[in-house]
1. Please find, within segment A:200-219, the residue that is farthest from the other protein chains (Cβ to nearest Cβ) out of those that are without any contact (Cβ under 8 Å) to a residue 40 or more places away in the chain and over 21 Å from A:Q161 (Cβ atoms).
2. Taking C:G32, is it in contact with a Lys or Arg (Cβ under 7 Å, 6 or more places away or on another chain), modelled with pLDDT of 95 or more and buried (at least 24 other Cβ atoms within 10 Å of the Cβ)?
3. Taking B:R61 as meeting all but one of (1) surrounded by fewer than 17 Cβ atoms within 10 Å (Cβ to Cβ); (2) closer than 29 Å to A:N253 by Cβ, write down the number of the exception.
4. What about C:A46, is it away from chain B (no Cβ under 14 Å), out of contact with any helix residue (DSSP H, G or I) (no Cβ under 6 Å at 6 or more places or on another chain) and closer than 30 Å to B:N38 by Cα?
5. Please state which of the following conditions D:Q123 fails to meet, knowing it meets all the rest: (1) surrounded by 18 or more Cβ atoms within 10 Å (Cβ to Cβ); (2) within 25 Å of D:Y284 (Cα to Cα); (3) touching a residue at least 60 places away in the same chain (Cβ under 8 Å).
6. So, in segment A:74-96, how many residues would count as being of a type in the set (A, V, I, L, M), surrounded by fewer than 24 Cβ atoms within 10 Å (Cβ to Cβ) and within 22 Å of A:W228 (Cα to Cα)?
7. I'm checking my understanding of the structure. Among residues of segment D:330-349 that are hydrophobic (A, V, I, L, M, F, W, C) and more than 11 Å from chain C (Cβ to nearest Cβ), which one is nearest to the chain's Cα centre (by Cα)?
Protein chains: 4
Amino acid sequence: ADIRNAQDYAALAPHFMAPSHHAYISGGSGYGLSVAANVAAFEQWAIYPRLLRDVSAGHTRIELAGERHAHPLFLAPVAFHKLAHAGAEIDTARAAQAVETCMIASTQSACSLEDTAAAAGPQRWFQLYLLPRREDTLDLLRRAEAVGYRAIVLTVDAPIQVANRRALAAKFQMPPDVVSVNLRGYDIAPRFAGNGPSDSRFFQGAMRGAPSWDDIRWVMSQTRLPVWVKGVLHPDDAVALRDEGVTGLAVSNHGGRSLDGAPSGLDVLPAIRAAMGPDYPLMYDGGVQSGSDIFKALALGADAVAVGRLQLYALSVAGALGVAHMLKLLREELEICMAMAGCATVADITGKALFKPAR
Amino acid sequence: ADIRNAQDYAALAPHFMAPSHHAYISGGSGYGLSVAANVAAFEQWAIYPRLLRDVSAGHTRIELAGERHAHPLFLAPVAFHKLAHAGAEIDTARAAQAVETCMIASTQSACSLEDTAAAAGPQRWFQLYLLPRREDTLDLLRRAEAVGYRAIVLTVDAPIQVANRRALAAKFQMPPDVVSVNLRGYDIAPRFAGNGPSDSRFFQGAMRGAPSWDDIRWVMSQTRLPVWVKGVLHPDDAVALRDEGVTGLAVSNHGGRSLDGAPSGLDVLPAIRAAMGPDYPLMYDGGVQSGSDIFKALALGADAVAVGRLQLYALSVAGALGVAHMLKLLREELEICMAMAGCATVADITGKALFKPAR
Amino acid sequence: ADIRNAQDYAALAPHFMAPSHHAYISGGSGYGLSVAANVAAFEQWAIYPRLLRDVSAGHTRIELAGERHAHPLFLAPVAFHKLAHAGAEIDTARAAQAVETCMIASTQSACSLEDTAAAAGPQRWFQLYLLPRREDTLDLLRRAEAVGYRAIVLTVDAPIQVANRRALAAKFQMPPDVVSVNLRGYDIAPRFAGNGPSDSRFFQGAMRGAPSWDDIRWVMSQTRLPVWVKGVLHPDDAVALRDEGVTGLAVSNHGGRSLDGAPSGLDVLPAIRAAMGPDYPLMYDGGVQSGSDIFKALALGADAVAVGRLQLYALSVAGALGVAHMLKLLREELEICMAMAGCATVADITGKALFKPAR
Amino acid sequence: ADIRNAQDYAALAPHFMAPSHHAYISGGSGYGLSVAANVAAFEQWAIYPRLLRDVSAGHTRIELAGERHAHPLFLAPVAFHKLAHAGAEIDTARAAQAVETCMIASTQSACSLEDTAAAAGPQRWFQLYLLPRREDTLDLLRRAEAVGYRAIVLTVDAPIQVANRRALAAKFQMPPDVVSVNLRGYDIAPRFAGNGPSDSRFFQGAMRGAPSWDDIRWVMSQTRLPVWVKGVLHPDDAVALRDEGVTGLAVSNHGGRSLDGAPSGLDVLPAIRAAMGPDYPLMYDGGVQSGSDIFKALALGADAVAVGRLQLYALSVAGALGVAHMLKLLREELEICMAMAGCATVADITGKALFKPAR
Ligand SMILES: Cc1cc2nc3c(=O)[nH]c(=O)nc-3n(C[C@H](O)[C@H](O)[C@H](O)COP(=O)(O)O)c2cc1C
Ligand SMILES: Cc1cc2nc3c(=O)[nH]c(=O)nc-3n(C[C@H](O)[C@H](O)[C@H](O)COP(=O)(O)O)c2cc1C
Ligand SMILES: Cc1cc2nc3c(=O)[nH]c(=O)nc-3n(C[C@H](O)[C@H](O)[C@H](O)COP(=O)(O)O)c2cc1C
Ligand SMILES: Cc1cc2nc3c(=O)[nH]c(=O)nc-3n(C[C@H](O)[C@H](O)[C@H](O)COP(=O)(O)O)c2cc1C
């Protein structure tokens, strides 16, 4: 089949994965309301073409928190690439390197963070989940530093695991060979269960182990790497995190996999950008399927945009080649939008480039 | 089948009930416009996740009109549980007791209010319909007081019975063993038929027997129990009822079973809350299918939220166990929303927790 | 089959009519856009139930332009009832009389206006189309006066006949026995064809014979009967017609049978009412299918409401009985809405009775 | 089959064309989002009928940039009519002449601009694409002048060719006999490919050859013909082009065939008209399927309206006769709207003629 747009990989993926794996990956928490919201949010916007502008020196390069990237497109941290393809994170990392894309490696992976780092390009970041014991978290952090990850992305938006109903319906089970190798040797048993007489297994259970402001400060005190926080949707949280000294934020509803019914990050992005001022680094993820989606997120306030599921879809279809091709297509789709919209640089992409039909 | 969410009971119920019973229960008056509106009203809203908040002391306890409840979730008064399951109100009451839920027992039931009270927990309320003769109404009230119901919920929104077209299409008939035992011995023949030469069977018929302001005052004068009024949708009615001294109000369109085409209570709730000020007790019911629905109703101004049909669905599937499980699931779903939204208590749930996408 | 709501007649009609007749009647001009708009316009609104109001003296009587009517429900002028049932206008008129409904007899009918008048009740009106020759129009007017029609409704909104695509697709042809008996002996050949070299068959054809302001004045000068004008959609036209001395206006898009793409009358009714002040007589028609539709039109500014197609549907199903039953159902549905909304009289029905959900 | 409305040709076309040709023509770039937006944009509006106005001297004549046209309906420049019918541009031109319609002949055609000019009526315009070499562009321009084209329409909105996914899926290939005869002998090989090490094939490729402000000025300096620019969607571009001295603008998203996701021209037309003042010549195209669409575009600010695909559809169904008939139908549909809306002239069609339902 002809693959013309990055989104074609999403259409092809079901033919390359076990149905239950596909359900697990494509689904969201609960009824998938926030997954659907992510897509609908993009559909509200149109892009103004602009005429006769000279964009012949155009490029997609950006500087983000002091670092240069070939383009504003990132690979979002996604657990267990092995579900999509045996090559797993290592293949993804190779692809990312080939097309100059910064990969954000997830804590949760069946390849070690060291192996992934070795395959990835110089721009590689590490997504950190806080572990029950600080010494374990610290060890993980040190290992990430040791193999040259250049930023830490602390994901704090999923303190509770809400079941993915599509995965359940498809009877998804994590295959035995897909284990979180990075966490081997750490004590990851949940500390709290909330099973006292009048305890809630959420308030007195999972939430006791949830990340706190103190944890954020502690992580920042332990590393010289830039620390991003992932999963912000409310402007007040964004402001508070910035005031705490966090390097940048990922505006995200976790691909609709955390609170089912959370807004799409895209819908709240303008308010967050307005609260943060023009210069604070913001990344966006959720529902990105095309270069025009990337363009829209940039126009609405993001400095960079990450794709989640698409990387697994492309990986399932054609391994490293698929991921590289998908990223190349996305980048070209973005370039087309930029060129047509008369934007020679990413900085030229502003809210004025978008039109919102009344419908 | 796996039951993961309270709403699963709605999906399963058709397999556990006669089709005509299901049509009668799930349908609304007329074409079901208000039933549909109840569901659509919730879909307009998203819930903001909030980060890093300490909710480890979180709980769902509320104080409502001076009484403590383990959570803000009530069982709405629903007639004739026997249509769903032989265990009927007694099973429902047992379930409610097991999970510390206040049941509002309906006047219309095939178990006596005394038997239901015996099975229910300490928090039990009684829903009163005014009978044609005041002495009968008074007798009913005294019986409710005698067996320890702790509040009276006077339902005043259904002076006219409008046919449920789905029930009619399914040829629903009340089974012979489903009779209103509470009303045995009372004179319940309608007083007025509106069959004079130029009479309307509504204006000069049913509406002559409809509840009046005088009736409200009379009921309040006859009991020391708190008196709630159920079925309010207009802010002016709410204000007038409060001024009359009513304890609290149930904002409700009677599950879409009274005036077909009435607004969803959820859509009018904010205006009613605004008219009443922050402290006046308001309950909401209509279309609640999940913990996030409960969260939204609380955020939009309710102090407590009742479920109607879901209890019958759960009862039909698994009797008392089903109802208890359904309530537990709802409560957990609410806790998840609260935890994710950074709300440690029900009082923390305000309109600021919601986001309304432009679509 | 059980007939519970007036609308049931619409559902049954296809079983009682030739498909091509049904297509002709149910269809609108062109693609039926305005037919669909008429229905959608009602769906935007909900009706507020109000509590505890004394409506036991309630009634639907109205006074319209000095005349009393048992209720605000009229039969819109509809051509050729014979397409629906052999009893035709005479059956409809009998039904109208039986349930005290004012019938507006169309100029275009296969029963003579005299026969229809004889069968109709005291409240009967005559809908007039201007004929090519004034002497013929005058003769028609005199005949209508002679048999006691009490008002003239001048329809001016259909100067051009736009094809009904559904009727065409169903190969509808007017049956040979359905002829406009009222016009026998008149010269009704179109005066203008617009077939000069650069002529338009609309501008220089049909529109040359279209009603003018002068015609309106002339009709009013020729009769002492109240003269209504039917087919108004723009507030400026409404104001100009009132200033000309017209008794009342029918806000109508001709059931979506004139300009395809015209707004629904319901959507423009509030602006017209606002322009006319509270007292000027306004009738509404278009898309009315239920008592709640009538209630909504009254709330949005109409003093009376007419049904078009529904009368033919009921006629096709059960002749005079069907029409009488349909009208009785509509009236009862209206009474239910009024009673539930706490409106004892039609005058109590105002815009405050409606709620518009944000969706 | 009965052809009653211009739009019927769209429905019939698939029966008269190879599926892949139909896919190529009917599709848009990418996923066809802007094609769909063009249709949806019209559906938002209704047209107010107006009563009793004398339009018997009505006509559709317009003066546009000093030239008279029998009506405001143009044939948009469309490449390769041969895909639809062997008669190709020559048949279309004959039809246009027969019904006094100005055809805008495309640079891209399998009939020579000379042959097309010979078949077309006195009002014929030429759509110019800039060629890689100015001398070639100039030659083309001179040829157009030589055979009496009366205006130049410079299309500048498609610097990048975005794949039409429907055409790809249907495996469309340009047939070998469909070649751009106008360009024979010119050097049309793209100048830039963007294949340097870090080059983008868009920024450093296609966009290097894209039209510039300088090109606009150069074209205007080379001809005394009026120069229109086609493909404007942003008011700022419109203002800048006017300030440059361009005669008129075609507000257009290229029939959804350039940037997929561009707004519909209709949605942006009012803002462009507002920016340009009442007198500046504006043409609209995109999604026009009926006379009411033409009416709406005129009401929203256009002085004239062009149809694209419809001409190919009609051509495929019945050659020159089809195109002439389609144009006649469109014109009559427009006349009906005008007559019903009380507009005797195109100038009478203003925004006040439209109504926007709240839905
Ligand atoms: C299968 C899957 C696994 C994920 N695992 C992680 C993870 O380990 N850490 C994390 O921060 N986010 C994780 N995410 C969320 C992604 O980083 C990202 O927010 C989301 O996928 C973006 O939405 P999209 O998939 O629509 O592009 C995961 C998402 C998916 C689909
Ligand atoms: C089958 C059925 C019977 C009901 N009977 C009563 C009743 O006896 N008294 C009453 O006040 N409300 C009654 N209601 C209305 C409920 O109290 C409540 O308002 C409604 O069911 C809430 O909507 P939900 O079913 O969507 O949760 C009944 C509702 C249903 C579905
Ligand atoms: C079959 C048919 C014939 C009609 N004939 C006439 C007519 O002769 N004169 C007239 O003023 N209106 C005529 N109308 C329009 C109606 O008076 C009325 O405006 C319309 O039917 C109201 O819409 P409804 O059918 O949705 O109720 C006709 C409508 C229909 C459906
Ligand atoms: C098959 C096809 C070929 C086209 N070729 C050209 C062209 O050569 N030059 C041009 O300026 N526009 C071209 N257009 C765009 C049209 O001029 C016009 O903008 C568009 O078709 C209007 O939308 P409609 O097809 O919905 O009426 C083409 C459009 C189509 C459908």
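The values are calculated or read from the model by the stated rules, or taken from the named source; none is laboratory data. Bear in mind the structure is a predicted one, so any value in this text is a computation, not a measurement. Please note: Cβ atoms are built from the backbone with ideal geometry, for glycine as well, and neighbour counts cover all protein chains shown.
1. Restricting attention to segment A:200-219, the residues satisfying the condition of being without any contact (Cβ under 8 Å) to a residue 40 or more places away in the chain are A:200-201, A:203-205, A:208, A:212-214, A:217.
Retained after the next criterion (residues that are over 21 Å from A:Q161 (Cβ atoms)): A:213-214, A:217.
Details: A:W213: 5, A:D214: 9, A:R217: 10 Å.
Selected residue: A:R217.
2. no
3. Going through the list (1) surrounded by fewer than 17 Cβ atoms within 10 Å (Cβ to Cβ); (2) closer than 29 Å to A:N253 by Cβ, B:R61 breaks only (2).
4. no
5. (3)
6. 1
7. Filtering segment D:330-349 down to residues hydrophobic (A, V, I, L, M, F, W, C) leaves D:330, D:334, D:336-341, D:343-344, D:346-347, D:349.
Add one more test, that the residue is more than 11 Å from chain C (Cβ to nearest Cβ), and what stays is D:330, D:346-347, D:349.
Values: D:L330: 15, D:V346: 19, D:A347: 21, D:I349: 21 Å.
Per the stated criteria, the residue is D:L330.
Yes or no, residue by residue, for (1) crowded, with 24+ Cβ neighbours inside 10 Å; (2) within 14 Å of chain D (Cβ to nearest Cβ); (3) within 16 Å of ligand 2 (Cβ to nearest atom); (4) under 15 Å from A:G255 (Cα atoms):
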residue: A:D293; (1), (2), (3), (4): yes, yes, no, yes
residue: A:A297; (1), (2), (3), (4): yes, yes, no, yes
residue: A:G301; (1), (2), (3), (4): no, no, no, no
residue: A:V307; (1), (2), (3), (4): yes, no, no, yes
residue: A:L310; (1), (2), (3), (4): yes, no, no, yes
residue: A:A314; (1), (2), (3), (4): yes, no, no, no
residue: A:L321; (1), (2), (3), (4): no, no, no, no
residue: A:K328; (1), (2), (3), (4): no, yes, no, no
